[in-house]
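Following: one structure in C-alpha cells, then a few remarks.
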Amino acid sequence: MMQPVLLFPGQGSQEVGMGADIVAHSPAAAAIFDQADAILGFPLSRLCFEGPEDVLTDTINVQPALLTASIAALRAVEEQLGRPIDAAAAAGHSLGEYSALVAAGALTFEDALRLVRERGRLMKLAGERAPGGMAAIIALDTEKIESICQQASSEGDGVVVIANDNCPGQVVISGDEGPLNRAMALAQEAGARKVVRLAVSIAAHSPLMGAVQEEFAAAVAQAHIQRPIFPVIANITAQPLTDVDAIRQELVGQLQHSVQWTRSMQYLIDQGHETFIEFGPGKVLAGLMKRIDRRFRKMPAVVTWEDVQAVAELL
C-alpha cells in the first residue's frame, strides 16, 4: 500500500462521547487521555466522554479536547500495527494543524496541548476584545464570495474575510458584525443556496484575531518545535512546512489568515497521493474530500474502535 496522508479535524468536529470507545479498547489511547488530564490539571477525558456539551464546545476546552481525541485515535492505530504509521504527509484543518505537527514529530503531544489550550484561551479573549462572528455560505463561487467580502468591508466599520475555503461550494466568512451581516445579505442576493450564521462569538481566521496575536506569538516562541519527519501542509499557503521557522510563522499567522483546505487537498492529490485517512471525531474532512475529488468518496476515518481495526488492516 502507498504511504498514507494523515488528516486531522478542527473545531466543529467535536461530539460528546468522542474517544470513549477507542479508549475502552486501547491502552495507548487511554494513556493519551490520562496525560492530557495530568497536564491540564482537570479531567478533560470526562468532559470528552460525558460532556456537558456546552462546556465541551467552549473554545478554551474544545481545542485541547479535539487534539487529544485525534492523537488518541492515531496512537491506537499505531498500537495495533506495533509501529508508527509510515506516512507520506499530514494536514490538519485549523486547530487540526497542531495534531498534524504532533503526528509528524514537530511538536510533542505535551507542547501541542499547552499551545492549543492557550490558543483557545486567547481566541476566546479576542472574542471579548474584538467581538465578531462567522457564517457559512453554501453553493456560491469562491471568487464571488471574495468580491462580496470586499464590498461588505468598504463602509469603514470593520472587515469581513474568507476564513475557511473548505471545499467547492462550502466557504466560511468571518469578521465584524456590520460587514458580516452585509456579506450574508449580499451572498443571499447573489444566489447562494444557503447562508448560515455559525453559533460562535469569535471571528476566527480574520484580522480581529490580531487583538491577541502578540500574546500567542510569545507562546509559540517558547514552544519546542523540531523539523517534521514528513511534510505538514500549511493552512495558509497549501504548501509543505519543512522547517522550524516556517512552522512558527504558520502557527502565529494562521490566527488571522484563512484556511486554504481545498487548495491543500488539491496540492496533495496533484502530488500523486492516493490514500488519505482522517483521525478524530466527526468525519468532517472525509465529507469535504468527497466534494473536492469524487475519487476519494470512501476515505477512511478513525472515530471508533472498529475504525481503528479496519485502518490497521488497511495499513
Looking at Leu56, is it in contact with an Asp or Glu (Cβ under 9 Å, 6 or more places away or on another chain) and either over 17 Å from Ile32 (Cβ atoms) or not hydroxyl-bearing (Ser, Thr, Tyr) (or both)? yes
Hey, could you check segment 77-100 for residues that are within 12 Å of the chain's Cα centre (by Cα) and in a helix (DSSP H, G or I) and say which is surrounded by the most Cβ atoms within 10 Å (Cβ to Cβ)? Ser99
Residue set Leu66, Leu107, Leu101; condition out of contact with any strand residue (DSSP E or B) (no Cβ under 9 Å at 6 or more places or on another chain) and among the aliphatic types (A, V, I, L, M); output residue Leu107
Let me confirm something: among Leu122, Leu140, which residue is outside any helix (DSSP H, G or I) and modelled with pLDDT of 95 or more? Leu140
Candidate set from segment 143-168 (those that are assigned to a helix (DSSP H, G or I) and surrounded by 17 or more Cβ atoms within 10 Å (Cβ to Cβ)); member that is farthest from the chain's Cα centre (by Cα): Ala152
Tally of residues being of a type outside the set (Phe, Trp, Tyr), outside any helix (DSSP H, G or I) and either within 18 Å of Ser13 (Cα to Cα) or at pLDDT below 95 (or both) across segment 273-294: 7
In this structure, does Gln249 turn out to be polar (S, T, N, Q) and either assigned to a helix (DSSP H, G or I) or in contact with a strand residue (DSSP E or B) (Cβ under 8 Å, 6 or more places away or on another chain) (or both)? yes
Cβ-Cβ under 6 Å pairs, at least 6 apart or on other chains, segment 194-211 side within 12 Å of Leu180 (Cα to Cα), far side of a type in the set (Ser, Thr, Tyr): Ala203/Ser174; Ser206/Ser174
Does segment 278-292 include one or more residues that are among the acidic types (Asp, Glu) and free of Cβ contacts under 8 Å to residues at least 60 places away in the same chain? no
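The values are calculated or read from the model by the stated rules, or taken from the named source; none is laboratory data. The model shown is predicted, which means the values in this text are computed figures rather than measured ones. Glycine gets a Cβ as well: all are built from the backbone with ideal geometry, and neighbour counts include every protein chain shown.
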